[in-house]
1. Applying the selection to segment 57-68, what residues are assigned to a strand (DSSP E or B) and buried (at least 21 other Cβ atoms within 10 Å of the Cβ)?
2. Considering each residue of segment 115-137, count those that are in contact with a Leu (Cβ under 7 Å, 6 or more places away or on another chain) and of a type outside the set (Val, Ile, Thr), and give that number.
3. If I ask for residues that are within 13 Å of the chain's Cα centre (by Cα) and open to solvent by 20 Å² or more (accessible area, probe 1.4 Å), which ones from segment 110-124 would you list?
4. Which members of segment 1-36 meet the condition of being surrounded by fewer than 14 Cβ atoms within 10 Å (Cβ to Cβ) and assigned to a helix (DSSP H, G or I)?
5. Of all residues in segment 125-149 being more than 19 Å from Gly48 (Cβ to Cβ) and among the aliphatic types (A, V, I, L, M), which is least open to solvent (accessible area, probe 1.4 Å)?
6. Which residues, counting only those in segment 19-55, are free of Cβ contacts under 8 Å to residues at least 60 places away in the same chain and within 13 Å of the chain's Cα centre (by Cα)?
7. Test Ser37 against the criterion of being modelled with pLDDT under 95 and under 30 Å from Gln169 (Cα atoms), and give yes or no.
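The values are calculated or read from the model by the stated rules, or taken from the named source; none is laboratory data. Computed from a prediction, not measured in an experiment: that's the story for all the values here. Here the Cβ positions follow ideal geometry from the backbone for every residue, glycine too, while neighbour counts run over all protein chains shown. Note: areas computed on protein heavy atoms with side chains; ligands, DNA, RNA excluded. Shrake-Rupley method; radii C 1.70, N 1.55, O 1.52, S 1.80 Å.
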Amino acid sequence: MTPDLTRLTELLARPQNTSPVPDWAAAETVLRTALPSDYKELIEAYGGGFVDGYLLLLEPDCPNDVYDLLKISAEREEANASLWQFEDKPEELQTAGNRLVCWATTDNGEYLYWLVQPDDDPDSRTVLINSASGEDWERYEMTVTRFLAAVLDGEVHSEILWDKFPLPQHEFSPAGEM
């Protein structure tokens, strides 16, 4: 277990039962990119689910399609392509070949992405958060597990995410139980 996942498990209790391990190779084929190893470890430990009644952590091929990484990522890619015909893309996406893969969303309509660049190292990907309005973006140079642990312990505070997140007592509800 990575130090960041260990830190996260100290803040957020792991569920008793998790989903079966996703077919990572199939997911990466669909997404056309390798997934970060910390994310794989996170999903193998927790599965997809609801963090603090607000953040929806996505997993590949989740039986509850609200938490399905493949479905939501495809929907966001299509929605963003339509949006960017009329609005400016974020600066990070001005470079040819750069794209987004959604790994989480929220009850309020914010989206959390990896910035995927040609020939990048999946384990060094930037986390981008997009506001529900689509206009505002935040950038975090850290892995998903480090970001989640930092948000839950108050080290990182997002101006985009709901001001009541995180809760004082953290809770995780597995997608399979929703």
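1. Going through segment 57-68, the residues assigned to a strand (DSSP E or B) turn out to be 57, 59, 68.
Correct list: Leu57, Glu59.
2. Of the residues in that region, 6 qualify.
3. Tyr111 - this is the single residue of segment 110-124 that is within 13 Å of the chain's Cα centre (by Cα) and open to solvent by 20 Å² or more (accessible area, probe 1.4 Å).
4. Once the filter is applied, which keeps residues that are surrounded by fewer than 14 Cβ atoms within 10 Å (Cβ to Cβ) and assigned to a helix (DSSP H, G or I), segment 1-36 yields Pro3, Thr6, Glu10, Ala25, Ala26, Thr29.
5. Looking at residues that are more than 19 Å from Gly48 (Cβ to Cβ) and among the aliphatic types (A, V, I, L, M), I get Leu128.
6. So in segment 19-55, the residues free of Cβ contacts under 8 Å to residues at least 60 places away in the same chain come out as 20-30, 32, 40, 43-45.
Scanning segment 19-55 gives Lys40, Ile43.
7. Values: modelled with pLDDT under 95: no; under 30 Å from Gln169 (Cα atoms): yes.
Taking the combined requirement at face value, the residue does not satisfy it.
Per-residue answers, yes or no, for (1) over 19 Å from Ser173 (Cα atoms); (2) at pLDDT 95 or above; (3) acidic (Asp, Glu):
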| residue | (1), (2), (3) |
| --- | --- |
| Asp23 | yes, yes, yes |
| Glu41 | no, yes, yes |
| Lys89 | yes, no, no |
| Ala104 | no, yes, no |
